[in-house]
Structure formats: C-alpha cells, structure tokens
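*Asks:* So that we are looking at the same thing, I have put the structure below in structure tokens.
The values are calculated or read from the model by the stated rules, or taken from the named source; none is laboratory data. This structure is a prediction, so every number in the text was calculated from the model and none was measured. Backbone-built Cβ (ideal geometry, glycine too); neighbour counts: all protein chains shown.
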Amino acid sequence: MEQRQLGRSAIRLAPLAFGANVFGWTADRAMSFRLLDGFLDAGFDFIDTADVYSRFHPGNQGGESETIIGEWLAARGTRNRVTIATKCGIEMGPGMKGLSRHYIFSAIEASLRRLRTDRIDLYQAHRDDPETPLEETLSAFAELIAQGKVRVIGASNYSAARLEAALAAAAKLGLPRFESLQPLYNLVERTDFESGLEPLCRREQISVIPYYSLASGFLTGKYRAMADTEGRTRGSRAAKYLTPLGLRVLDALDRVAARTGAKPGQVALAWLIAKPTIAAPIASATNLEQLAELTAAPSVRLSAEDVAELDSASK
C-alpha cells in the first residue's frame with residue numbers, strides 16, 4: 001500500500017486515518033477493539049484521537065477514547081505497528097485547557113497514562129491558544145521531543161495566519177515546527193482550507209490530515225432528505241448539508257460512483273486522497289461494515305474527469 005510522508009519528518013503513513021472520536025461514544029469498548037483489529041488487519045496504521053474525546057457525550061469526562069486505545073495496545077501488543085496521534089488544548093475541566101508550557105506538560109502525562117505508552121508519534125495542538133505566546137508552546141513541544149515523549153508535532157484548527165506565524169517562530173528560534181495540519185475539509189466545506197491554508201501547506205510541505213472528511217456521514221449518501229436525519233446520532237450535523245450545494249455534490253458522487261464501481265463515501269475519500277497536500281483523510285466507523293467500506297476507499301482510482309466533475313459540483 002502507498003505510504004505517505006508526514007511533513008518533513010521520518011514518519012510514513014498509509015493514506016487513511018481512523019478517527020477514534022467514536023470510541024466511548026457510538027462505539028463501546030468491545031466494538032472499538034474489533035474496529036481497531038480490522039483497521040490494522042486491512043493494512044492501515046494511523047489512529048487519530050484526542051484527550052478530550054469523548055467528553056462531549058453526556059456522562060463522559062474525556063479521555064475515554066485514549067483509554068480504550070491504550071487497553072487495546074496492551075491487549076494486542078501492537079504499539080510498534082501503529083502511529084498514534086493525539087491532541088491537547090481543548091478544555092478538559094476547570095483550568096485544564098490551552099497551550100501553556102505548564103498545561104502541555106500536564107496534559108501529555110495524562111495522555112501517556114491513558115494510552116499506556118511512553119511516546120506519542122504525532123502530538124497536536126487541538127486548537128490555537130492566542131493567550132499563550134507561540135514561542136512558549138513550541139518550546140514546550142521541543143522539550144517533549146527532546147525527552148522522547150513526542151516524535152512529531154502538528155496543529156489542528158489553526159488559521160493560515162497563525163500557522164504561518166508558528167512556522168516563522170519555529171524557524172527563527174530553531175525549534176521543531178508543526179509538520180501537519182488537521183483542518184475541517186471535505187467536498188461540501190472547501191472554502192476555508194483552500195482559500196489560505198492549502199497554498200501555505202503546499203509551499204511549506206505541511207501534511208494535511210483533514211477531519212469530517214465525510215461531512216458527518218452526509219457524503220456517504222445516506223442523508224438525502226430531512227426525514228433521513230431524524231433519530232440518527234449525527235443526523236442533526238448532517239442536516240445542515242441538505243442545501244442546493246450538498247445535493248449537487250451527492251448527484252456528482254452518484255455519477256462518479258457508478259463509473260468507478262465504488263460507493264459515494266469511498267469516492268468522497270478518494271477525492272481527498274487525490275489532493276497533493278493530503279496525507280491521510282480521517283474517517284470513523286462504528287461497525288465492521290462501515291469499516292470495510294472505509295478501508296477500500298484508497299483503492300478507488302479517480303480519473304481527471306472524475307476529479308474535475310467533483311470539483312465543479314462542489315464549488
């Protein structure tokens with residue numbers, strides 16, 4: 001399977017990441033283990049999580065996803081076969097947020113304990129913290145790299161201006177730089193990334209690992225009317241895409257899927273994979289049938305005509 005380099009680092013990845021935000025939320029421990037087993041067996045190795053997953057689910061406090069992954073790593077002995085990415089910065093409780101040196105050092109120790117590992121392959125700033133100087137954040141990450149607790153750092157949800165400022169600060173001070181960016185990017189949400197972030201990432205050789213790659217499931221084609229969103233966990237999120245743009249994209253996905261023999265969701269992921277700045281789109285599954293569909297997506301080959309049709313429909 002094709003391997004892609006993560007920025008200018010030594011880390012190489014298969015072209016699809018498993019989004020572990022579903023662990024401890026819509027996938028319980030047993031199903032999470034089966035999904036991780038299946039993902040690894042299919043030849044993939046990149047697992048993306050965050051300390052805050054899945055604090056958003058009632059009754060959870062955060063750390064559930066990392067805990068499940070750590071239990072799986074311990075049970076299966078697979079640590080050296082996978083690339084683990086996690087994040088810090090979003091509030092985990094009173095006074096537990098941001099990208100200060102003090103909080104980063106506290107957050108990573110908690111993540112390492114939950115993940116049952118001595119290192120994190122890709123440690124990401126989950127959200128920009130304008131109250132903390134970029135130099136302080138980058139210096140803290142540099143210390144963690146020097147200690148062997150982190151291999152590579154990345155940014156998530158940064159604007160083009162702030163990402164560029166962070167890269168400049170790293171270069172000026174001789175500090176490790178962000179080698180990846182995790183933005184919101186998919187066929188129905190292109191503008192924010194493509195308007196400023198994409199040219200910056202291309203110029204600076206920053207690898208992109210977009211989240212919501214399937215727009216909360218909308219791009220699989222299962223939501224085509226408001227009635228389809230009712231009673232579904234992600235239905236309320238997908239409902240906002242039921243617009244003329246969204247329906248036009250679904251029509252284009254259907255046409256390309258018919259030509260390629262693939263499913264709409266696979267085509268949507270293949271469109272991302274075909275982009276030169278994309279290292280690995282992030283996608284989630286909550287059952288083995290969904291997982292099988294996801295892991296087949298990198299094998300879908302889109303023609304120039306296919307890509308052009310999708311580009312045109314999604315503008």
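*Asks:* Just checking, which of LEU245, LEU250 is of a type in the set (A, V, I, L, M, F, W, C), more than 19 Å from the chain's Cα centre (by Cα) and farther than 30 Å from LEU163 by Cβ?
*Replies:* LEU250
*Asks:* Let me ask something else about it. Please go through the range 1-29 and give me each residue that is of a type in the set (Gly, Ala, Ser) and buried (at least 21 other Cβ atoms within 10 Å of the Cβ), ordered by number.
*Replies:* Selection gives GLY7, ALA17, GLY19, ALA20, GLY24, ALA27.
*Asks:* For the subset of the range 171-218 comprising residues that are among the acidic types (Asp, Glu) and free of Cβ contacts under 8 Å to residues at least 60 places away in the same chain, which member is nearest to ALA20 (Cα to Cα)?
*Replies:* Across the range 171-218, the extreme among qualifying residues is GLU189.
*Asks:* Let me ask you something else. Which one of these is modelled with pLDDT under 95, farther than 30 Å from PRO130 by Cβ and not in a helix (DSSP H, G or I): GLY43, GLY59?
*Replies:* Being modelled with pLDDT under 95, farther than 30 Å from PRO130 by Cβ and not in a helix (DSSP H, G or I) holds for just one of GLY43, GLY59, which is GLY59.
*Asks:* Return the total of residues in the range 99-116 being part of a loop (DSSP other than H, G, I, E, B) and surrounded by fewer than 21 Cβ atoms within 10 Å (Cβ to Cβ).
*Replies:* So the answer is 2.
*Asks:* Looking only at the range 117-151, count how many residues are within 21 Å of PRO183 (Cβ to Cβ), of a type in the set (Ser, Thr, Tyr) and not in a helix (DSSP H, G or I).
*Replies:* Looking only at that region, the number is 2.
*Asks:* Would you mind finding the one in THR67, THR49 that is in contact with an Asp or Glu (Cβ under 7 Å, 6 or more places away or on another chain), closer than 30 Å to LEU138 by Cα and modelled with pLDDT of 95 or more?
*Replies:* After ruling out the rest, the residue left standing is THR49.
*Asks:* Tell me, which residue of the range 30-74 that is among the charged types (D, E, K, R) and either under 10 Å from ARG114 (Cβ atoms) or surrounded by 17 or more Cβ atoms within 10 Å (Cβ to Cβ) (or both) is nearest to the chain's Cα centre (by Cα)?
*Replies:* Per the criteria, the residue is ASP48.
*Asks:* Just to verify a result, which residue in the range 122-148, among those that are in contact with a Pro (Cβ under 8 Å, 6 or more places away or on another chain), aliphatic (A, V, I, L, M) and closer than 15 Å to SER100 by Cβ, is surrounded by the most Cβ atoms within 10 Å (Cβ to Cβ)?
*Replies:* Here the residue is LEU138.
*Asks:* Give just the number: which of (1) without any contact (Cβ under 8 Å) to a residue 40 or more places away in the chain; (2) in a helix (DSSP H, G or I); (3) under 17 Å from LEU197 (Cβ atoms) does LEU163 not satisfy?
*Replies:* If we test LEU163 against (1) without any contact (Cβ under 8 Å) to a residue 40 or more places away in the chain; (2) in a helix (DSSP H, G or I); (3) under 17 Å from LEU197 (Cβ atoms), just (1) comes out false.
*Asks:* Check off (1) at pLDDT below 95; (2) assigned to a helix (DSSP H, G or I); (3) not basic (Lys, Arg) for SER216 and give me the number that stays unchecked.
*Replies:* Here SER216 clears every test but (2).
*Asks:* Among the residues of the range 253-261, is any aliphatic (A, V, I, L, M), touching a residue at least 12 places away in the same chain (Cβ under 8 Å) and touching an Asp or Glu at 6+ places or on another chain (Cβ under 7 Å)?
*Replies:* For the range 253-261, residues aliphatic (A, V, I, L, M), touching a residue at least 12 places away in the same chain (Cβ under 8 Å) and touching an Asp or Glu at 6+ places or on another chain (Cβ under 7 Å): present.
*Asks:* Please work out which one of (1) touching a residue at least 12 places away in the same chain (Cβ under 8 Å); (2) of a type outside the set (D, E, K, R); (3) out of contact with any helix residue (DSSP H, G or I) (no Cβ under 7 Å at 6 or more places or on another chain) is the condition PRO281 fails and give its number.
*Replies:* For PRO281, the exception is condition (3).
*Asks:* Just to be sure before I move on: is SER156 of a type in the set (S, T, N, Q) and touching a helix residue (DSSP H, G or I) at 6+ places or on another chain (Cβ under 8 Å) in the structure I sent?
*Replies:* Spelling it out, it is not the case that SER156 is of a type in the set (S, T, N, Q) and touching a helix residue (DSSP H, G or I) at 6+ places or on another chain (Cβ under 8 Å).
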